[in-house]
Amino acid sequence: MKRSTVKVDDDTGESLAKKQLQSKANSLLNAEKVDIKTLKGFVQLLNTPDNMPAGEVMNTLEVIFKNLLKRKAIAGPERQGLKIQELYEETWLLLIEHLLVDSESSVAVKVCMQLIKVEAKHPIAPNKGWPTHRIRGMLETLINCDATPTTALANYGKYCKNLDVLEITLKQLKSLVPGEDFKDSPIKAMNFLSIVNLLDMGKSVLSTADYHVESAKRQTFNYELNRKRLNDLWVSIMAKGNEVDEKLHRQILVVLLERVINHLNDPIQLTDFLMDSLHQFDGPIALLALQGIFTLMQKQNITYPDVYEKLYNMLYPRMFHNKYKARLFYLADIFLTSTHLPENLVAAFVKRLARLALQSPTEDAVIMIQFVCNLLLRHTGLQKLIRASHAADELSDPYNPTETDPVKSEAMNSSLWEITLLQKHVVPEVANAARFINSSLPVMEFDLAPLLDRKECNIFDDELQSKAKQFALNYERPTNLALPKNQFVTKYWDLI
């Protein structure tokens with residue numbers, strides 16, 4: 001009971017302190033002349049967070065300085081105006097420091113962006129218009145942080161969906177590229193790449209056309225100019241990104257695929273970089289490189305003869321623990337869409353997926369079973385694998401899972417005994433999915449997209465909500481009123 005009372009007292013104390021803070025702020029703003037000493041006391045509260053929650057202090061300073069900006073009290077040659085401006089600049093420095101504190105980052109970013117919004121409308125002389133130097137200060141802090149500020153980046157990314165913030169960030173980043181090679185300062189490079197990954201110039205953002213500052217709408221977002229800036233930025237990234245570690249290499253590929261590749265003037269130049277990434281690395285890096293190659297094959301008509309062999313060898317048990325496994329299923333589905341592929345090639349993929357379904361987590365087993373069904377629908381000649389009886393188990397199966405060339409894996413002479421075995425899976429959803437081979441195949445293909453982001457907990461929740469039609473009351477089905485044979489009850493007890 002004591003703990004509960006203390007907690008209530010603490011909450012009451014915080015609420016009282018918050019009201020006192022608001023009351024002092026109102027008194028400061030309602031006075032005819034700004035009390036510099038009181039204003040300085042508010043700013044100093046950010047240096048002493050133990051006395052007051054930093055979030056409340058930042059929100060209060062936001063209200064105070066927004067009002068002072070609107071009154072133009074932070075301008076002019078008067079001594080008081082200069083003092084207020086000094087305190088305003090000091091507040092900005094403190095706000096930027098709080099960007100890097102996870103628990104305060106959300107409020108700090110919000111207050112910074114709100115002050116920018118008002119300052120753009122009521123600029124402080126000699127500055128005019130958008131206060132781009134404020135954005136630059138925030139970016140410099142994020143880039144030079146000793147550890148990647150994940151929370152701050154996520155909060156700043158919300159504002160990058162506004163075209164004016166997007167354009168100014170892109171413009172500033174060109175001069176903020178780390179001076180040394182990425183391999184020499186990996187943390188700074190990762191921070192820089194993480195900011196670039198926030199810059200979405202896709203159709204949805206451009207069509208929405210949101211702006212943070214209303215006056216910025218007068219200057220239409222120039223896509224071609226910003227596309228050129230993005231191309232120049234990518235050239236700088238490639239120049240600095242040689243011989244980096246796997247973590248940075250992966251981040252460069254993520255930035256390329258998600259933010260850059262669709263806006264490049266000459267994406268063919270990426271071919272060597274993507275080929276090297278595909279052949280020199282394994283796991284996520286190879287997968288991301290394969291996605292880039294697929295984009296070039298699709299949009300630039302380049303050819304890559306070994307793409308199916310590389311894709312086949314990416315399907316192995318360790319992939320289930322890969323962060324990008326959903327991309328792998330997505331890419332495999334697209335690569336195997338064509339009905340003109342050789343049957344012996346597709347048969348190898350069918351067998352590899354069926355074999356992996358035996359070793360996979362529940363959510364992935366469902367995906368692979370339905371993927372196998374889709375491939376059988378696209379290539380009807382492979383349906384003979386369902387009825388093949390000469391390879392009824394692993395011992396008699398001629399399929400060679402260790403063969404790296406899918407065409408030489410002998411999959412065409414095999415059968416789908418794995419799918420039959422999966423009908424005995426302990427999870428009903430997997431067992432039911434595997435029963436598609438017991439009757440005629442469905443007319444339409446399964447849509448794999450909803451399954452890609454599904455987790456095991458979702459399957460568990462679905463099972464809890466499903467209603468069972470039958471309940472097992474005995475492990476041996478009775479045939480008459482007598483007790484079943486080999487009954488343990490009759491072995492150890494006599495019925496009277």
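Remarks
- Any hit, segment 76-85, residues being on the phi > 0 side of the Ramachandran plot, open to solvent by less than 60 Å² (accessible area, probe 1.4 Å) and in contact (Cβ under 8 Å) with a residue 60 or more places away in the chain: no
- Output for segment 169-193, where each listed residue is open to solvent by 10 Å² or more (accessible area, probe 1.4 Å) and under 18 Å from residue 96 (Cα atoms): 172, 176, 188
- Here residue 424 passes the criteria (1) surrounded by fewer than 19 Cβ atoms within 10 Å (Cβ to Cβ); (2) assigned to a helix (DSSP H, G or I) except the one numbered (2).
- Residues (under 23 Å from residue 29 (Cβ atoms) and of a type in the set (Asp, Glu)) located in segment 69-111: 78, 86, 89, 90
- Check on residue 243, surrounded by fewer than 19 Cβ atoms within 10 Å (Cβ to Cβ), out of contact with any helix residue (DSSP H, G or I) (no Cβ under 7 Å at 6 or more places or on another chain) and charged (D, E, K, R): no
- Qualifying residue in segment 287-308 (condition: of a type outside the set (A, V, I, L, M, F, W, C), modelled with pLDDT of 85 or more and in contact with a His (Cβ under 9 Å, 6 or more places away or on another chain)): no
- Test for residue 140: is it exposed (fewer than 14 other Cβ atoms within 10 Å of the Cβ), in the same structural domain as residue 249 (by the TED database) and under 30 Å from residue 83 (Cα atoms): yes
- Selection within segment 97-112 - open to solvent by less than 10 Å² (accessible area, probe 1.4 Å), of a type in the set (Val, Ile, Thr) and more than 22 Å from the chain's Cα centre (by Cα): 111
- Taken together, the criteria exclude residue 117 from residues that are modelled with pLDDT under 90, out of contact with any Ser or Thr (no Cβ under 8 Å at 6 or more places or on another chain) and open to solvent by 10 Å² or more (accessible area, probe 1.4 Å).
- Per-region count, segment 445-467, residues over 17 Å from residue 364 (Cα atoms) and either open to solvent by less than 100 Å² (accessible area, probe 1.4 Å) or at pLDDT 90 or above (or both): 2
- Scan of segment 403-419 for residues that are assigned to a loop (DSSP other than H, G, I, E, B), under 37 Å from the mean Cα position of the chain (by Cα) and not small (Gly, Ala, Ser), ordered by number: 403, 404, 405, 416
Every residue, every condition in (1) more than 35 Å from the chain's Cα centre (by Cα); (2) in the same structural domain as residue 108 (by the TED database); (3) within 20 Å of residue 123 (Cα to Cα); (4) surrounded by fewer than 18 Cβ atoms within 10 Å (Cβ to Cβ), yes or no:
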{"site": "19", "(1), (2), (3), (4)": "yes, yes, no, yes"}
{"site": "22", "(1), (2), (3), (4)": "yes, yes, no, yes"}
{"site": "27", "(1), (2), (3), (4)": "yes, yes, no, yes"}
{"site": "31", "(1), (2), (3), (4)": "yes, yes, no, yes"}
{"site": "37", "(1), (2), (3), (4)": "yes, yes, no, yes"}
{"site": "41", "(1), (2), (3), (4)": "yes, yes, no, yes"}
{"site": "64", "(1), (2), (3), (4)": "yes, yes, yes, no"}
{"site": "70", "(1), (2), (3), (4)": "yes, yes, yes, yes"}
{"site": "73", "(1), (2), (3), (4)": "yes, yes, yes, no"}
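The values are calculated or read from the model by the stated rules, or taken from the named source; none is laboratory data. None of the values given here were measured: they were computed from a predicted structure. Methodologically, a virtual Cβ is constructed for each residue, glycine included, from the backbone with ideal geometry; neighbour enumeration extends over all protein chains shown. Remember, those area values only see protein heavy atoms, side chains included, never the ligands or the DNA or RNA. Shrake-Rupley method; radii C 1.70, N 1.55, O 1.52, S 1.80 Å.
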